[in-house]
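To start, the structure under review is shown below, and the notes come after it.
The values are calculated or read from the model by the stated rules, or taken from the named source; none is laboratory data. Bear in mind that the values here come from a model prediction, so they are computed numbers and not experimental data. Here the Cβ is made from the backbone with ideal geometry for all residues, glycine too, and neighbour counts use every protein chain on show.
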Amino acid sequence: MDDLYREVIIEHYKNPGYRGSLDPNDITFEDENPLCGDHIKIDLRIGDNGKVTEAAFDGHGCAISQASADLLLESVIGKHVDEIKHLTKTDVMDLLGIELGPVRLKCALLPLKILKAGVYGLGEATDDLLEEGQS
Amino acid sequence: MTTFNVDKIRQDFPILGIDVNPGVPLVYLDSTATAQKPISVIDAMDDYYRTSNGNIHRGVHYLAERATALYEASRAKVAAFIGSDKPKELIFTRNATESINLVANSWGRAFLAKDDVVILTEMEHHSNLVPWQMLAEEKGLRLEFIPVTDDGDLDQMVFDQLLEQKPKLVAFAHMSNVLGTINPAKAMIAKAKRAGAVTVVDAAQSVPHFSVSVKDLDVDFMAFSAHKMLGPTGVGALYGREELLDKMPPYMGGGDMIRKVYLRSFTPNELPWKFEAGTFCIAEAIGFGAAVDYLSAIGMDTIAEYEHKLVQSAMIKMKTIPGLEIMGEKAAHRGGVVSFTLQGIHPHDVAQILDQNGIAVRAGHHCAMPLHDRFKIPASSRASFYLYNTEEEINHLVISLQKVVKMFS
Ligand SMILES: Cc1ncc(COP(=O)(O)O)c(C=O)c1O
């Protein structure tokens, strides 16, 4: 029972390592899931080699969306922005290690959408961003 | 009065016996979203397709006659259920939402004009808000709102002041789907009438749960859905006062709603068919009649009394949980809905963990975003009760909520 709320999810929700904001930053983007009001802002600092040196998120929402943001940022430290462009839904699901129904999937994937919209410099976080990087 | 035996009632609802996971029985506390269906309703629709399926009002053969008779009998039952003795005042629609849209599009387009005042409330479901916003945009109407007090009641003093603006229309929910507040509809309608307004009551949450009479309320329009009162989805009703319905233009054009059609014009059918264009959800309308029969056999006063006991007990037990706050707890009159927040825990997480314990509750804004803005919370969890819920289910809810709190502490 309660496998959706694996220890790691509760842990990252209660004690996030990457909560906060970065000012100045190189990339910042925020958006929300209007369905449930989850709101997330992600800030990144990028080194001269194009790799992420620091990352932070802020906002509010359910344990799944907040833990997903924390795990995601943890995983992108040291990654090149071009690698981030290729992150997909599957990467997030691997990080979380749980199966989700369609409603909660939206919570889990909100941070990735925001991260990729920021990296691509787009005005809007759309569902297309959850597939392989193109455009 | 019949004696109320909940165990016997539960046997009429096959779905209440399922397990949501192996060994985890369903505890259904989301009847405010949609109610479960008794066998008699399921059978009525099944039987219709097996023995009586034909198109209504469009044939002289055996099945067409039979289907028409069943459909119209159902209309008469639903009309009688809400205290109307004129079945033609009862128009079948898809749901409460369509009923309100019908009033906005037909009556509103014809009889409202620029700068007319329409009074709504802060506790409306989006379906009694957005249709008026759309019409206001089109016509340049002025929308005013009766505020909700901290206790969860409508502020009647502000309502009195708003009535001085001579509104053309006053529309409000009889019972809030979030706060559970039962508004003093009869008194509000009387005041609105004295001010010269037409009245619309969104009865989606009241008609299923206690006895409502359009005669007693003296209301002009009333909207409700079958699926929240043990009936099927896809059918609802609009009650309208005959004099008003007569003057209204048709809402949709097509078959059934006409008397005569020429190449360039038509004359509309009489009531109620003027508003029922196209082949209708016949089986569902018949199921609606069966739902009303089921509720009437038990008695709405008996149901209301039982639900009242359940919700009182639920609120007392839920309040023992640390960090739990009930929205609209102190409302003067409330029905079987308990929306709540748990400090530091998102409603989605609450609902998800309850689901793992077999308990179905709703999480989110329950189609009432402005009301959540009013209470400055993004979302809430909601447990709602109906005639088939039990005290044991409430205990299971409370124990599971304690588990939720523990997990996040
Ligand atoms: C108060 C209220 N009004 C209107 C509706 C809309 O009902 P339907 O979706 O069946 O049209 C609901 C349903 O949740 C409701 O609770």
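If only residues of segment B:201-227 that are more than 13 Å from the ligand (Cβ to nearest atom) and of a type in the set (S, T, N, Q) are counted, the one that is farthest from the other protein chains (Cβ to nearest Cβ) is B:213. Look at residue B:172 and say whether it is in the same structural domain as residue B:93 (by TED's automatic domain parsing), more than 16 Å from the ligand (Cβ to nearest atom) and aromatic (Phe, Trp, Tyr). No: the conditions fail for residue B:172.
Residues are listed down the side, and each one gets a yes or a no for (1) hydrophobic (A, V, I, L, M, F, W, C); (2) away from the ligand (no atom under 16 Å from the Cβ):
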| residue | (1), (2) |
| --- | --- |
| B:340 | yes, yes |
| B:347 | no, yes |
| B:357 | no, yes |
| B:374 | no, no |
| B:385 | yes, no |
| B:394 | yes, yes |
| B:397 | yes, yes |
| B:401 | yes, yes |
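What do you reckon, is residue B:130 touching a residue at least 60 places away in the same chain (Cβ under 8 Å) and within 16 Å of the ligand (Cβ to nearest atom)? In short, no. Can you spot a residue in segment B:303-324 that is in the same structural domain as residue B:74 (by TED's automatic domain parsing) and more than 16 Å from the ligand (Cβ to nearest atom)? No; the residues of segment B:303-324 include none that is in the same structural domain as residue B:74 (by TED's automatic domain parsing) and more than 16 Å from the ligand (Cβ to nearest atom).
Yes or no, residue by residue, for (1) in contact with a Phe, Trp or Tyr (Cβ under 9 Å, 6 or more places away or on another chain); (2) more than 16 Å from the ligand (Cβ to nearest atom); (3) part of a loop (DSSP other than H, G, I, E, B); (4) farther than 21 Å from residue B:214 by Cα:
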position: B:137; (1), (2), (3), (4): no, yes, no, yes
position: B:162; (1), (2), (3), (4): yes, yes, no, yes
position: B:167; (1), (2), (3), (4): no, yes, yes, yes
position: B:186; (1), (2), (3), (4): no, yes, no, no
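One residue stands out among those in segment B:56-84 that are at pLDDT below 95 and not in a helix (DSSP H, G or I): the one that is nearest to the chain's Cα centre (by Cα), which is B:56. Does any residue of segment B:51-60 turn out to be among the hydroxyl-bearing types (Ser, Thr, Tyr) and in contact with a Lys or Arg (Cβ under 7 Å, 6 or more places away or on another chain)? Yes, the conditions are met somewhere in segment B:51-60.
Annotation: of all residues in segment B:117-127 being away from the ligand (no atom under 16 Å from the Cβ) and buried (at least 21 other Cβ atoms within 10 Å of the Cβ), the one that is farthest from the other protein chains (Cβ to nearest Cβ) is B:119. Exactly one residue among B:245, B:238, B:271 is closer than 21 Å to residue B:72 by Cβ and either in the same structural domain as residue B:326 (by TED's automatic domain parsing) or part of a strand (DSSP E or B) (or both), and that residue is B:238. Quick one: in segment A:1-14, which of the residues that are among the charged types (D, E, K, R) and not in a helix (DSSP H, G or I) is farthest from the other protein chains (Cβ to nearest Cβ)? So, considering only residues that are among the charged types (D, E, K, R) and not in a helix (DSSP H, G or I), the one farthest from the other protein chains (Cβ to nearest Cβ) is A:6. Residues of segment B:1-55 that are touching a Ser or Thr at 6+ places or on another chain (Cβ under 8 Å) and assigned to a strand (DSSP E or B): B:30 alone. Considering A:27, A:10, the condition of being closer than 22 Å to residue A:97 by Cα and modelled with pLDDT under 95 is satisfied by A:10 alone.
Scanning segment B:298-332 for residues that are over 23 Å from residue B:404 (Cβ atoms), touching a residue at least 60 places away in the same chain (Cβ under 8 Å) and of a type in the set (Lys, Arg) returns a single hit, B:330.
Within segment B:15-31, being more than 13 Å from residue B:230 (Cβ to Cβ), in contact (Cβ under 8 Å) with a residue 24 or more places away in the chain and within 26 Å of the chain's Cα centre (by Cα) holds for B:26, B:27, B:29, B:30.
Inside segment B:300-323, residues that are under 19 Å from the mean Cα position of the chain (by Cα) and farther than 19 Å from residue B:390 by Cβ make up a count of 2.
Scanning segment B:72-116 for residues that are more than 22 Å from residue B:208 (Cβ to Cβ) and within 16 Å of the ligand (Cβ to nearest atom) yields B:104, B:105.
Quick one: is residue B:238 under 16 Å from the mean Cα position of the chain (by Cα) and within 16 Å of the ligand (Cβ to nearest atom)? Here the answer is yes, as residue B:238 does meet what is asked. Kindly provide the set of residues from segment B:249-270 that are crowded, with 16+ Cβ neighbours inside 10 Å and aromatic (Phe, Trp, Tyr), ordered by number. Within segment B:249-270, just B:251 meets the criteria. Remark: pairs (first residue in segment B:96-117, without any contact (Cβ under 8 Å) to a residue 60 or more places away in the chain and of a type in the set (Lys, Arg); second residue more than 16 Å from the ligand (Cβ to nearest atom) and not in a helix (DSSP H, G or I); Cβ separation under 7 Å; 6+ apart in sequence or on different chains) = B:114/B:140. Restricting attention to segment A:15-64, the residues that are away from chain B (no Cβ under 12 Å) and assigned to a strand (DSSP E or B) add up to 21. The criterion of at least 1 residues that are within 13 Å of another protein chain (Cβ to nearest Cβ) and within 26 Å of residue B:18 (Cβ to Cβ) is met by the following strands (runs of 3 or more DSSP E) wholly inside segment B:324-409: B:362-364, B:380-384.
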